[in-house]
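The values are calculated or read from the model by the stated rules, or taken from the named source; none is laboratory data. What you see is a predicted model, and the numbers here were worked out from it, not measured in a lab. Here the Cβ positions follow ideal geometry from the backbone for every residue, glycine too, while neighbour counts run over all protein chains shown. SASA here: full protein model, heavy atoms, side chains in, ligands and nucleic acids out. Shrake-Rupley method; radii C 1.70, N 1.55, O 1.52, S 1.80 Å.
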Amino acid sequence: MARLVKSIVSGSNVIGLGETTSTDQLEGRYAVEIATLTDAATITPDFGANQNFTVTLGDNRTLANPTNPVVGQTGSIFLVQDGTGSRTLSFGTQYDFSGGTAPTLSTTAAAVDRIDYIVRTATSIHCVFTADYS
């Protein structure tokens, strides 16, 4: 189960902070940690373990369909170019992008791109790609 950090805010003051789990009643604000994915020829995120992920690409890779997706789950995947850059990424069949076309990653060394997603069905993950964060 993903670890959540809960803060309750009143006006501009944080009045409570503590850990909770996704089975607790939802109140206040939550911050979900960013898990580091292992760079490999095929990268498979476990959506049952985390919602947000980061990976530094050391070569051309494939982002495989995730394990344990839950309909309605949302999150982000940060894609970081290594010191060489120009790495490419292909996507599993469950990742759906606007217009039906997978994005092209930024190519600069150390460039950061982001995919925000929502699991629409067990086999359809709607994704929004944003390129070239600093």
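Taking only segment 85-118 into account, find how many residues are in contact with a His (Cβ under 8 Å, 6 or more places away or on another chain) and β-branched (Val, Ile, Thr).
Here the count works out to 1.
Could you tell me whether residue 120 is assigned to a strand (DSSP E or B) and open to solvent by 20 Å² or more (accessible area, probe 1.4 Å)?
When the stated conditions are applied, residue 120 passes them.
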